[in-house]
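J.: Quick one: structure below, then a few questions.
The values are calculated or read from the model by the stated rules, or taken from the named source; none is laboratory data. Fair warning: this is a prediction, and the values are worked out from it, not measured in the lab. All Cβ positions, even for glycine, are placed from backbone atoms using ideal geometry, and neighbour counts span all protein chains on display.
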Amino acid sequence: MTRGRRPRPEAARAARARAPRPTASAAGLQGIRIRPARPEDLAALARLMADSTLLGRYRTTRAGAHRALVRGRRAGDRLLVARQAGAGPIGLAWVIVSRILTGAAYLRLLLVADGRQGRGLGARLLAAAESQAGTAANLLLLVVTTGNVGARRFYERRGYRHVGDLPGLARPELDEALYHKALRPHGKRLPV
């Protein structure tokens with residue numbers, strides 16, 4: 001470019017595309033910690049679940065969520081809570097480890113509080129869930145309501161493959177899409 005000339009629009013667009021962008025973690029995730037849930041977290045996690053628009057379609061209640069969390073914790077499920085300093089839980093990842101399907105774990109729930117989505121917390125929770133599952137499993141399975149296009153794209157961008165649909169799995173009126181992701185390659189899989 002010569003002195004005094006304005007850059008061409010294509011060159012400016014290309015330069016903007018190459019420029020580093022602020023990450024969601026830098027903007028909205030400061031002070032958020034993900035850790036294993038403790039017994040004293042369960043009531044607040046049940047409230048998070050009951051208040052969720054996502055879980056409203058499953059008619060989740062606070063009491064039902066609390067019972068399920070207690071049962072899951074007793075059974076050894078991996079419950080990960082995301083908390084911001086001085087606030088209640090703002091996210092939950094719930095992993096059930098099993099030996100089915102050559103050592104698969106199941107992501108029962110990945111939940112980010114309403115109004116907190118789109119800032120990178122879901123990706124952080126998913127990475128933590130994959131890390132937890134990978135200590136004991138070769139694969140991670142999950143289901144997403146077939147009409148939840150945003151969630152389906154979220155998982156597909158992170159390497160999950162759609163393998164089929166399960167009509168009426170959790171509720172007669174809701175169909176679920178089944179996804180899976182290998183947590184380790186075939187030659188390095190854990191024995192089952």
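J.: How many residues are more than 13 Å from residue 111 (Cβ to Cβ) and in a loop (DSSP other than H, G, I, E, B) if we restrict to region 36-56?
T.: Qualifying residue count for the region: 1.
J.: Give me the pairs: first residue in region 150-177 and over 21 Å from residue 126 (Cβ atoms), second residue exposed (fewer than 14 other Cβ atoms within 10 Å of the Cβ) and not polar (S, T, N, Q), beta-carbon distance under 6 Å, and six or more apart or on different chains, which are they?
T.: 175/165; 175/167
J.: While we're here: Looking at (1) at negative phi; (2) of a type outside the set (S, T, N, Q); (3) touching a strand residue (DSSP E or B) at 6+ places or on another chain (Cβ under 6 Å), can you tell me which one residue 164 breaks?
T.: (1)
J.: Another question about this same structure. Looking at (1) touching a Lys or Arg at 6+ places or on another chain (Cβ under 7 Å); (2) under 20 Å from residue 151 (Cβ atoms), which is the only condition residue 56 fails?
T.: For residue 56, the exception is condition (1).
J.: If you don't mind, there's one more thing I want to ask. Select from region 125-137 the residues that are free of Cβ contacts under 8 Å to residues at least 40 places away in the same chain and among the hydrophobic types (A, V, I, L, M, F, W, C) and write down the one among them that is surrounded by the fewest Cβ atoms within 10 Å (Cβ to Cβ).
T.: Ranking the qualifying residues of region 125-137, first place goes to 127.
J.: Evaluate the following for residue 125: is it modelled with pLDDT of 95 or more and assigned to a helix (DSSP H, G or I)?
T.: Yes.
J.: Looking at 183, 101, which is the one that is crowded, with 20+ Cβ neighbours inside 10 Å and more than 22 Å from residue 58 (Cβ to Cβ)?
T.: Of the residues listed, the single one that is crowded, with 20+ Cβ neighbours inside 10 Å and more than 22 Å from residue 58 (Cβ to Cβ) is 183.
J.: Could you pull out the residue among 122, 150 that is farther than 19 Å from residue 69 by Cα, surrounded by 21 or more Cβ atoms within 10 Å (Cβ to Cβ) and of a type outside the set (Val, Ile, Thr)?
T.: Matching residue, one of 122, 150: 122.
J.: Go through region 39-67 and report how many residues are within 19 Å of the chain's Cα centre (by Cα) and charged (D, E, K, R). If you could, list the steps in order and put the result at the bottom.
T.: So in region 39-67, the residues within 19 Å of the chain's Cα centre (by Cα) come out as 41-42, 44-58, 60, 65.
The next check asks that each one be charged (D, E, K, R); those that pass are 41, 47, 51, 57.
Residues meeting the conditions: 4.
J.: Condition test on residue 113, is it of a type in the set (Gly, Ala, Ser), within 28 Å of residue 177 (Cα to Cα) and modelled with pLDDT of 95 or more?
T.: No, not satisfied.
J.: Quick check on my filter: what residues within region 28-70 are touching a residue at least 24 places away in the same chain (Cβ under 8 Å) and of a type in the set (Gly, Ala, Ser)?
T.: Residues satisfying the conditions are 28, 31, 37, 44, 52.
J.: It is to be established whether one or more residues within region 38-54 are within 17 Å of residue 129 (Cβ to Cβ) and loosely packed, with under 14 Cβ neighbours inside 10 Å.
T.: No; the residues of region 38-54 include none that is within 17 Å of residue 129 (Cβ to Cβ) and loosely packed, with under 14 Cβ neighbours inside 10 Å.
J.: Kindly provide the set of residues from region 71-115 that are in a loop (DSSP other than H, G, I, E, B) and in contact (Cβ under 8 Å) with a residue 60 or more places away in the chain, ordered by number.
T.: 99, 113, 114
J.: Still on this structure: What residue, of 140, 107, is surrounded by 18 or more Cβ atoms within 10 Å (Cβ to Cβ) and either under 9 Å from the mean Cα position of the chain (by Cα) or over 21 Å from residue 190 (Cα atoms) (or both)?
T.: Every option except 107 fails the conditions.
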